[in-house]
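The values are calculated or read from the model by the stated rules, or taken from the named source; none is laboratory data. Since we're looking at a predicted model, the values are computed, not measured. For neighbour counting, all protein chains shown are included, and Cβ atoms are generated from backbone atoms with ideal geometry for every residue, glycine included.
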Amino acid sequence: MSITIAFYMNRKFAQVEPSMIAADWARFGDEAFLCAKAGIKIIHLDVMDGLFVPNLSMGPDMVLAIKKSCRDLILDVHLMIYSPDRFIETFAESGADEITFHFEATEDIEYVKNYIKKCNKKVGIAIKPETSETLLVKYLDNVDKILIMTVEPGFGGRKFLPDMLKKVRFLRSIGFNGDIQVDGGIDLKSGEESILAGANRLVSGTYFFNQSDRAMTVRQFNILCEKFVQ
Ligand code: DX5
Ligand code: ZN
């Protein structure tokens, strides 16, 4: 089913979402523009605080710059920061369309969840590899997306952890029908395994930006995304 038809039929569809941490940062805006030109609808923007993960990346000004230069792109902001509530409004005002925070980064999941909702943004909850998926069960109401980290967060280019797919299968088995995103080490092989496990959003950084023909890469991902069964 084509993404457009699925979208208007309000059916869930699967898609690839480039993680901009792996893009050429000297040409960040151009890279986002080229993603859109290649048929990408959503890009993934990793925000890191140097404490929750041992790395620093971008802030709200970068989100604003991308929103201004590529208005058609949906911006999925992945907050790898402690006390994410401090920055929800800033990222919402900077153009984030979706804000994902980490289960491990706050004492009050419901508060952060509701704060994002109050800012009229889609809300996602992410879990690290060592966090059990069963801890999410009581927080799934009104959550648009669960992000399953398939690498230890903090850097692009890490190896995919296939064991994490049991978390995807578990969420689908208990009837979670929001989006399930996998993030880290996603290429065509791990992407297909993830789709078959029930994920419908593939975040790909290093693999995606290492390919010279972006449009071809998007088409290759779209073919395996067709295997997604809701
Ligand atoms: C890791 C980030 C991911 C990662 C994806 O902390 O959340 O988005 O950068 O990049 P690759 O595909 O290179 O693992
Ligand atoms: Zn990410």
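Mind checking whether some residue in the range 159-175 is aromatic (Phe, Trp, Tyr), more than 16 Å from ligand 2 (Cβ to nearest atom) and either modelled with pLDDT under 95 or surrounded by 17 or more Cβ atoms within 10 Å (Cβ to Cβ) (or both)? Don't jump to the end; show me each part of the working.
At the first step, the residues of the range 159-175 found to be aromatic (Phe, Trp, Tyr) are 160, 170.
After this cut, where a residue has to be more than 16 Å from ligand 2 (Cβ to nearest atom) as well, the list is 170.
After this cut, where a residue has to be either modelled with pLDDT under 95 or surrounded by 17 or more Cβ atoms within 10 Å (Cβ to Cβ) (or both) as well, the list is 170.
Yes - at least one qualifying residue is present in the range 159-175.
When the residues of the range 135-149 are filtered to those that are under 12 Å from PHE176 (Cα atoms) and surrounded by fewer than 18 Cβ atoms within 10 Å (Cβ to Cβ), which remaining residue is nearest to ligand 2 (Cβ to nearest atom)?
Narrowing the range 135-149 to residues under 12 Å from PHE176 (Cα atoms): 136-146.
Checking the rest, the ones that are also surrounded by fewer than 18 Cβ atoms within 10 Å (Cβ to Cβ) come to 137-142, 144.
Details: VAL137: 23, LYS138: 24, TYR139: 19, LEU140: 20, ASP141: 24, ASN142: 22, ASP144: 16 Å.
Per the criteria, the residue is ASP144.
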Are any residues in the range 19-45 within 15 Å of ligand 2 (Cβ to nearest atom), under 13 Å from PHE209 (Cβ atoms) and not in a helix (DSSP H, G or I), and if so, which ones? SER19, ALA23, ILE43, HIS44
I'm told ASP179 meets every condition in (1) within 16 Å of ligand 2 (Cβ to nearest atom); (2) acidic (Asp, Glu); (3) out of contact with any strand residue (DSSP E or B) (no Cβ under 8 Å at 6 or more places or on another chain) except one. Can you identify the failing condition by its number? (3)
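Answer yes or no as to whether HIS102 is within 15 Å of ligand 2 (Cβ to nearest atom) and either in contact with a Ser or Thr (Cβ under 8 Å, 6 or more places away or on another chain) or of a type in the set (Lys, Arg) (or both). Break it down into steps so the answer makes sense when it comes.
Details: within 15 Å of ligand 2 (Cβ to nearest atom): yes; either in contact with a Ser or Thr (Cβ under 8 Å, 6 or more places away or on another chain) or of a type in the set (Lys, Arg) (or both): no.
Spelling it out, it is not the case that HIS102 is within 15 Å of ligand 2 (Cβ to nearest atom) and either in contact with a Ser or Thr (Cβ under 8 Å, 6 or more places away or on another chain) or of a type in the set (Lys, Arg) (or both).
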Every pair of residues 6+ apart whose Cβ atoms lie under 8 Å, when the first sits in the range 169-195 and is within 24 Å of MET80 (Cβ to Cβ) and more than 15 Å from ligand 1 (Cβ to nearest atom) while the second is of a type in the set (S, T, N, Q) and not in a loop (DSSP other than H, G, I, E, B): PHE170/THR134
